[in-house]
Amino acid sequence: MPALAPIVLIAALVGMLIGAVGIGGVALPPALIWLVGLDPHTAAGTSSWSFLFTGLLGTAMYARNSVMPWRLVGWLTLGIVPAAMLGSLANGALPERVAMLPLAALVTIAGVHSLWTGRAASRRSHDLIGAARLSPRSAITIGVFVGFCSALTGTGGPVILMPMLLAVGIPALTAVAASQVVQIPLVAFASIGYASQGAVEFGLGTMIGVIAAVGVVGGGAVALKLRQEQLRRLAGVALTVFGAALLGATVFSFFGS
């Protein structure tokens, strides 16, 4: 119980970041390990379950504002669904620090890349053209990678999907909106895989998910008011900070064990 206050604060912050820039979930598994004392596998499973709530509310909010790229989401989901189950099952056999290292590197590189380039500078805030340019085969391939890696690490999906969509030229707001809805099938199937191994604390995960979902509303309101270039830069900063922090924590775990 002493860890309840910081967990509530982290859940609210994670929700705001998910709503605003599509990422933030990467902070939750380490928080559950360090503050609550969960083992890495249960932390990943509980995090996955909590992101179901942020995905549902985030999807409703962005769909209501007519910025959801449904065609892109459909192709991504075809790849995500089977891969998410496999990723959650693989988590039980793979040391958490090994799984988090490539994630940390990917997020850091994507953040730096997003800050360095200016692809979204001239895009209108509701532009969905970039989503239409991504072929179904490419979208499904991205979905497989995102589904497996997200379920493997318990990070919910957006933290991996966002940098990949930005890298292929998808406008920032479109990428954020897509990241909201892909959480739903991803975490649903990942949670089934974790639950089959007894690695989900449903009560704790539900509490975190509800708090984070409230934060999504605030974060989404900010994202919808920003210009594409502002949102892209905000996403780049968040990705770089999270990636560097996760990379540092992962490297520290090697020397601290």
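The numbers here are math on the coordinates, done by the rules we state, and not lab data. This structure is a prediction, so every number in the text was calculated from the model and none was measured. Reconstructed Cβ throughout: ideal geometry from the backbone, glycine too, with neighbour counts over all protein chains shown.
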Pairs where the first residue, in the range 227-247, is more than 17 Å from Gly157 (Cα to Cα) and the second is among the hydroxyl-bearing types (Ser, Thr, Tyr) and part of a helix (DSSP H, G or I), C-beta under 7 Å, 6+ apart: Arg232/Ser114; Ala244/Thr108; Leu247/Thr108
Matching residues, the range 189-203, being surrounded by 19 or more Cβ atoms within 10 Å (Cβ to Cβ), part of a helix (DSSP H, G or I) and not aromatic (Phe, Trp, Tyr): Ala190, Ser191, Gly193
Residues satisfying the stated conditions in the range 146-157, i.e. within 17 Å of Gly74 (Cβ to Cβ) and assigned to a helix (DSSP H, G or I): Val146, Gly147
Filtered residue count, the range 167-206, keeping only those that are closer than 23 Å to Val8 by Cβ and either basic (Lys, Arg) or touching a residue at least 60 places away in the same chain (Cβ under 8 Å) (or both): 12
Exclusive hit being in contact with a Leu (Cβ under 8 Å, 6 or more places away or on another chain) and assigned to a helix (DSSP H, G or I), set Ile160, Ile211: Ile160
Residue that is hydrophobic (A, V, I, L, M, F, W, C), crowded, with 24+ Cβ neighbours inside 10 Å and either in contact with a helix residue (DSSP H, G or I) (Cβ under 7 Å, 6 or more places away or on another chain) or farther than 22 Å from Asn91 by Cα (or both), where the choices are Val181, Val217, Val210: Val181
Test for Val67: is it under 21 Å from Leu226 (Cα atoms), touching a helix residue (DSSP H, G or I) at 6+ places or on another chain (Cβ under 7 Å) and assigned to a helix (DSSP H, G or I): no
